[in-house]
Amino acid sequence: MGRLYRATSEKAEAVYEPGEFERDWTVEQENDALASGLVEIVPRTYKVVGDSRVYETAPGDTFEAGLRIEQEKALVDGGHVALVEDAKKPKAAAADEGVDAEAAAPKSTRKAKGA
Amino acid sequence: MAITVLTNAMVLVGGVDLSDHVSKVTIEDVRAPVDVTAMGATNTAVAKGLGDAKITLDFFQDFAPAKVHATLQPLIGSSTPTAIEVRPTNAARSATNPAALMQGLLMNYNMLDGSVGAASAMTAEFVNGAQAGMSYPTS
C-alpha cells in the first residue's frame, strides 16, 4: 500500500496532482521528491508502544507526524511506535471499505515537533 | 542564566528520547578555515569557509526493545538523515534552554565497546547530513 503525499503549490499540482495523492515510492524516490520541495508527506498518526518518549509523546499516547519511509521503519522496527490504522487513508480507499476516514481519525493526537 | 552543572541533558534521536542512557554529549559546529593570505601580507589571513557539524553521544548500551540498540542499529544502515536534538535540560525549548538540532547521519556505531567488569558503553557519532547544518531553536 502506498503512502499519502500532498503537492505544495500549483506548480507542484501540475507535476503530480491536486490534493492528496498516493504513491508507492522507494526511499530514494521519496527523498528526491521531498528534496524537490514539490511535495510533502501527509502526516500519519502513530501510537507510542515502547517505553521511551517519542516526539515528546509519552508511552501509550498518540502523535501525528509526517515521517519519511526510513524514519517510520526505524521507529516501527525499533519497537517505538505503531501506525494507527485507517487514520489517514485515501478517501477512495476508505470509501471502498465503507469507512469514514475523518471519523476514524484519533481525537487526542498532537503534532510532532521537528518531524 | 547561571553556570550550570550538566545533570539532565535531553537527547532525542529520531524523535526518541534516549536521555536516560546517555552519559556524555558533544556538540560541534565548525567552519573550515580558508587561507586567503595574499602577497604583501605579514601575517596569515584566514576566512571562514564551509560549515560542518557533528554530535557525538556516549551511551550505556541496552538491547531491550525500543532502547539504544533498537534505535541506533537501523540508522547505521540508513542513508536518510535523522533529527538529532540535544537540550541542556529536559524542559521545553526556550531562550535559556536552547536546543542544538541537526539532521544527522550515523557514521560510527560500536555496538559493543568495553572491558570485562565495566559497564557496556559505546559511542555514536552523527555527522551533518543536511544543508541546514546545526541550528539552535528556542521554541
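Taken together, the criteria exclude B:Ile76 from residues that are surrounded by 19 or more Cβ atoms within 10 Å (Cβ to Cβ), modelled with pLDDT of 90 or more and β-branched (Val, Ile, Thr).
Please go through the stretch B:55-73 and pick out each residue that is surrounded by fewer than 18 Cβ atoms within 10 Å (Cβ to Cβ) and under 24 Å from B:Ser135 (Cα atoms).
B:Thr56, B:Asp58, listed by residue number.
If the condition is being assigned to a loop (DSSP other than H, G, I, E, B) and touching a residue at least 40 places away in the same chain (Cβ under 8 Å), then the stretch B:50-63 contributes B:Gln61, B:Asp62.
Which of the residues spanning the stretch B:30-79 are charged (D, E, K, R) and more than 11 Å from chain A (Cβ to nearest Cβ)? B:Arg31, B:Asp35, B:Lys48, B:Asp52, B:Lys54, B:Asp58, listed by residue number.
In this structure, B:Leu105 does not qualify as in a loop (DSSP other than H, G, I, E, B), over 27 Å from A:Lys47 (Cβ atoms) and not hydroxyl-bearing (Ser, Thr, Tyr). The single condition from (1) outside any strand (DSSP E or B); (2) among the small types (Gly, Ala, Ser); (3) modelled with pLDDT of 95 or more that B:Ala66 fails is (3). If you go through the stretch A:13-30 and keep only what is surrounded by 14 or more Cβ atoms within 10 Å (Cβ to Cβ), out of contact with any strand residue (DSSP E or B) (no Cβ under 8 Å at 6 or more places or on another chain) and more than 30 Å from A:Ala58 (Cβ to Cβ), you end up with nothing.
Filtering the stretch B:80-92 to residues that are facing chain A (nearest Cβ under 8 Å) and either over 19 Å from A:Ser52 (Cα atoms) or over 16 Å from the mean Cα position of the chain (by Cα) (or both) leaves only B:Thr80. A single entry from B:Ala38, B:Ala2, B:Ala47 fulfils the requirement of being more than 30 Å from B:Met111 (Cβ to Cβ), of a type outside the set (Ser, Thr, Tyr) and part of a strand (DSSP E or B): B:Ala47.
Within the stretch B:13-23, take every residue that is surrounded by fewer than 24 Cβ atoms within 10 Å (Cβ to Cβ) and either facing chain A (nearest Cβ under 10 Å) or in contact with a helix residue (DSSP H, G or I) (Cβ under 7 Å, 6 or more places away or on another chain) (or both) and give me the one that is farthest from B:Ser79 (Cα to Cα). This residue is B:Asp20.
Filtering the stretch A:39-68 down to residues that are more than 8 Å from chain B (Cβ to nearest Cβ) and β-branched (Val, Ile, Thr), which residue is nearest to B:Ala91 (Cα to Cα)? Looking at residues that are more than 8 Å from chain B (Cβ to nearest Cβ) and β-branched (Val, Ile, Thr), I get A:Thr57.
Counting only residues that are more than 30 Å from B:Ser19 (Cβ to Cβ) and either touching a strand residue (DSSP E or B) at 6+ places or on another chain (Cβ under 9 Å) or surrounded by 14 or more Cβ atoms within 10 Å (Cβ to Cβ) (or both), the stretch B:37-54 holds 8 of them.
For the stretch A:6-74, the strands (runs of 3 or more DSSP E) that sit wholly inside it and include 2 or more residues that are hydroxyl-bearing (Ser, Thr, Tyr) are A:44-48.
The values are calculated or read from the model by the stated rules, or taken from the named source; none is laboratory data. Small disclaimer: the values here were computed from a predicted structure and weren't measured. Glycine also receives a Cβ, built like all others from the backbone with ideal geometry; neighbour counts cover every protein chain displayed.
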